[in-house]
Amino acid sequence: MTLIRTVVPELLDDLDMQDPRAQRSRRDLRRLHRIMRTETILLDALRKISWQRSVSSSSPRLQVLEIGAGDGSLMLGVARALQGLWPAVSLTLLDQHNLLETTTEQGYANAGWRVSAQVCDVLDWAKPEFMAQLISGTAHWDLIVSNLFLHHFDDPQLVLLLDAVAARSNHFIACEPNRSWFALAGSHLVGAVGANAVTRQDAVLSVRAGFRNRELCTLWPVGEDDWVLEEYPAGLFSHCFYAARTRGLRADARS
Ligand SMILES: C[S@@+](CC[C@H](N)C(=O)[O-])C[C@H]1O[C@@H](n2cnc3c(N)ncnc32)[C@H](O)[C@@H]1O
């Protein structure tokens, strides 16, 4: 029997960022990423990219955007692991809250990555007017990443969001909850590793809103003639989507 995808607002998203329950839940999230081996899964997906072929010549740094980035600590681990292996990176962490701490910023600097926070609702970012109003800043990204984020949105929202991602990037990687019975059972056990009530509820909601099979490929707006698309289960609890552009930019994405 297949789990039907259900999207319900998560507790963490509605808590004030200073709320101790939210702060504790974000710490839980870091621990859960270690258990889920998210950094390794992400690095495996990132290794598929060959920058020699695709890096934009207009900027000396790779322009990377993480949407729904949280506190940016997950990508910091990635930055450290890729130090010396990737060209220089300029990373933007987009989230509805500014959660970037000075120590995290310093960590990126030590890894040779420039980092900045962009505070906005990603559904506003996805609107065409957002790009039309952009006076400075990046209009096109070498890579967009998302972790435990796409599952917050229902299918019509995902169509809009993925359309903007496809128009504005050359590569996209998403690491999401795998909507499987095994992951659902695991999500009911996060209390055993000390997760608080917010994390315990959100973990179950996340798996129920997660993905399986080729669900994200189906929502991707562009034909597979223009993009290489891969979608696969990863580790015990995750589901990955990888998209790499094979042809030129869409006209509406050029800045
Ligand atoms: C489950 S957390 C994941 C954080 C981070 N990517 C990670 O894996 O540790 C989801 C994040 O998405 C952010 N978020 C939720 N809805 C959003 C929206 N509509 N626009 C921007 N950020 C949003 C939340 O503030 C939260 O930081």
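Brief remarks follow.
- Taken over the stretch 11-248, the ratio of Cα radius of gyration to 2.2 N^0.38 Å equals 0.97.
- Taking all protein chains together and a 1.4 Å probe, the residues TYR232, TYR242 rank TYR232, TYR242 from largest to smallest accessible area.
- As a fraction of the 1.4 Å probe accessible area of the stretch 11-248, surface on carbon and sulfur atoms comes out at 52 percent.
- Axis of helix 73-82 versus longest Cα principal axis of the chain: the two differ by about 50°, to the nearest ten degrees.
- Value at 222 nm in deg cm²/dmol, rounded to 500, when DSSP H runs of n ≥ 4 in the chain each add -39,500 (n - 2.57): -10500 deg cm²/dmol
The values are calculated or read from the model by the stated rules, or taken from the named source; none is laboratory data. Computed from a predicted model, the values in this text were never measured in an experiment. In case anyone asks, the SASA skips ligands and DNA or RNA and just uses the protein heavy atoms, side chains included. Shrake-Rupley method; radii C 1.70, N 1.55, O 1.52, S 1.80 Å.
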